[in-house]
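K.L.:
The structure that follows is given in the form of structure tokens.
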Amino acid sequence: MELINTASELHQVIEEKKNAGNTVGFVPTMGALHAGHLSLLENARKANDITVVSIFVNPTQFNDPDDLRNYPRTPEKDLTLLSGAGCDFVFMPPVEEIYPPSYQFSYTIGPLEEKMEGKFRPGHFRGVVTVVYRLFEIVTPHRAYFGEKDFQQLAIIRKMVSDLHLPVEIIPCPIVREPDGLAMSSRNLRLSPAHRQHAPLIAQTLFQAAEKGRSLSPRDLEKWVIETINKDPYLKTEYFEIVDPDTLEQIDNWIPSKAAVGCIAVWAGEIRLIDNIRFLP
């Protein structure tokens, strides 16, 4: 495994590998790696000759300075995990390599940005698309791997790639969960012991909602999920919306032949956790 810190060096190495006929799989991360990230790398290794993982805590996608300052950083552990998992190249750049003084990027996301996460984290997705576009410029991968836990982010990145005709295939990967159901997240490291004990109620409630499925209307099911979670004094739901998986528009009625997705954000103390569940036709 090779650690690279500059954009120019990584771009040159990748071009050499591609010119030799190798396909490149890319996993962008912000570090504090866990089994969910490693599952993305595993999928990338299966389908590509070369794998690249980036570790970069992107300042432009944090609307809360405290959240950026407190975001977990475990670089030594991350490198050990990636080496053991068979990663070929790790890109760990300083901010000035991603955002040199002259760098500019403009892209209008549109309505997908205004819903759910966008309502509560203004500017977040503009930061996401900027850093993802920039990383695609540097890595020039054939395929890029993203977790379905960040469902809205995945939808927005897919739209950007389509709108800008970028030559990269976006590969969604299933949510990886702890044994008690909690969706794996770097933020889980910041949960207090008490909040960590109560946080699995989020996933448990979503699983129960999927079992109830279409026996309730989408809006009644949303209400049930929110009330169930909010009964726990350690948890406070910010939103739960059942949406069309393509448009992210909140639905009033089930569409018989189409799946829907329930997306949720919950505060566990000072830590904000997100998750989602699919409602099958």
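K.L.:
Write down, largest first, the equivalent ellipsoid semi-axes of region 45-138 in whole Å, where each equals the square root of 5 times an eigenvalue of the alpha-carbon gyration tensor. Provide the component values of the computation, followed by the final result.
P.N.:
Values: eigenvalues 136, 56, 43 Å².
Over the Cα atoms of region 45-138, the semi-axes work out to 26, 17, 15 Å.
K.L.:
To check my understanding: the extent here is largest minus smallest coordinate of the Cα atoms along each principal axis. What are those three numbers for region 125-193, in Å, largest first?
P.N.:
That works out to 44, 21, 20 Å along the principal axes.
K.L.:
Still on this model: For region 214-281, count all C-alpha to C-alpha pairs, find those more than 17 Å apart, and express that count as a whole percent of the total. If you can, show how the numbers build up before the last one.
P.N.:
Numbers: 911 of 2278 pairs.
Roughly 40 percent, once rounded to a whole number.
K.L.:
When the Cα centres of region 205-281 and region 67-140 are compared, how far apart do they sit, in Å?
P.N.:
Using only Cα atoms, the two centres lie 27 Å from each other.
K.L.:
Shifting gears a bit: Over the chain, what is the relative contact order in whole percent, taking alpha-carbon pairs under 8 Å and six or more residues apart?
P.N.:
After rounding, I find 18 percent.
K.L.:
What percent does the relative contact order of region 78-175 come to when contacts are Cα pairs within less than 8 Å and at least six residues apart?
P.N.:
27 percent
K.L.:
How long are the three semi-axes of the equivalent ellipsoid for the chain, computed from the Cα gyration tensor as the root of 5 times each eigenvalue, in whole Å, largest first?
P.N.:
Working: eigenvalues 213, 87, 66 Å².
Semi-axes (√(5λ), whole Å): 33, 21, 18.
K.L.:
For all pairs of alpha-carbon atoms in region 1-80, what percent lies in each bin of width 10 Å, listed from the first bin to the last filled one?
P.N.:
Bins of 10 Å from zero give 16, 42, 32, 9, 1 percent of pairs.
K.L.:
Quick one: grab the alpha carbon gyration tensor of region 120-276, order the square roots of its eigenvalues as a ≥ b ≥ c, and give me rounded if a/c is under 1.5, else prolate or oblate depending on whether a/b is larger than b/c.
P.N.:
The shape class here is oblate.
K.L.:
Follow-up. Based on the Cβ-Cβ distance from V95 to S257, what FRET efficiency comes out when R0 is 41 Å, to the nearest 0.05? Walk me through the numbers before you get to the answer.
P.N.:
Working: r = 47 Å, r/R0 = 1.14.
The pair V95/S257 has a calculated efficiency of 0.30.
K.L.:
R0 = 25 Å: FRET efficiency of H165 with I109, Cβ-based, nearest 0.05?
P.N.:
After rounding, the FRET efficiency stands at 0.95.
K.L.:
Show that you can apply the helix-only estimate: for the chain, add -39,500 (n - 2.57) for every DSSP H stretch of four or more residues, divide by all residues, and state [θ] at 222 nm to the nearest 500.
P.N.:
So the helix-based figure for the chain works out to -11500 deg cm²/dmol.
K.L.:
Moving to a separate point now. Among the aspartates and glutamates, select those whose C-alpha is under 13 Å from the C-alpha of K212, and discard any that sit fewer than 8 residues away in the same chain.
P.N.:
D220, E222
K.L.:
Relative contact order of region 1-61, please, whole-number percent, based on alpha carbon pairs below 8 angstrom and at least 6 residues apart.
P.N.:
Once divided by the residue count of region 1-61, the mean separation gives 36 percent.
K.L.:
May I pose another question? Taking only the alpha-carbon atoms of region 160-251, what semi-axes of the equivalent ellipsoid follow from 5 times the gyration tensor eigenvalues under a square root, in whole Å, largest first?
P.N.:
27, 21, 12
K.L.:
With every protein chain kept in the model, how would you rank L79, L182 by accessible area, 1.4 Å probe, largest at the top?
P.N.:
Result, largest first: L79, L182.
K.L.:
Lysine pairs, Cα distance under 22 Å, 8 or more residues apart or cross-chain: how many in region 13-166?
P.N.:
The number of close lysine pairs in region 13-166 is 8.
K.L.:
Give the Debye-formula value of log10 I(q)/I(0) at each listed q (0.28, 0.29 Å⁻¹), with one equal scatterer per alpha carbon of region 38-85, two decimals each.
P.N.:
-1.03, -1.06
K.L.:
Which order do you get for E96, E137 if you rank them by accessible area with a 1.4 Å probe, largest at the top?
P.N.:
Working: E96 115, E137 75 Å².
Final ranking, largest accessible area leading: E96, E137.
K.L.:
Another question, then. Pulled fully out, how much extra length does the chain show between A210 and N230, if you take 0.36 nm times their separation in residues and subtract their Cα-Cα distance? Intermediate results must be reported in sequence, preceding the final value.
P.N.:
On the way: separation 20, 0.36 × 20 = 7.20 nm, distance 1.83 nm.
Answer, rounded to one decimal: 5.4 nm.
The values are calculated or read from the model by the stated rules, or taken from the named source; none is laboratory data. The shown structure was predicted, so the numbers you read here are calculated from the model rather than taken from an experiment. Cβ atoms come from the backbone with ideal geometry, glycine included; neighbour counts cover every protein chain shown. Keep in mind that these areas ignore ligands, DNA and RNA; they rest on the heavy atoms of the full protein, side chains included. Shrake-Rupley method; radii C 1.70, N 1.55, O 1.52, S 1.80 Å.
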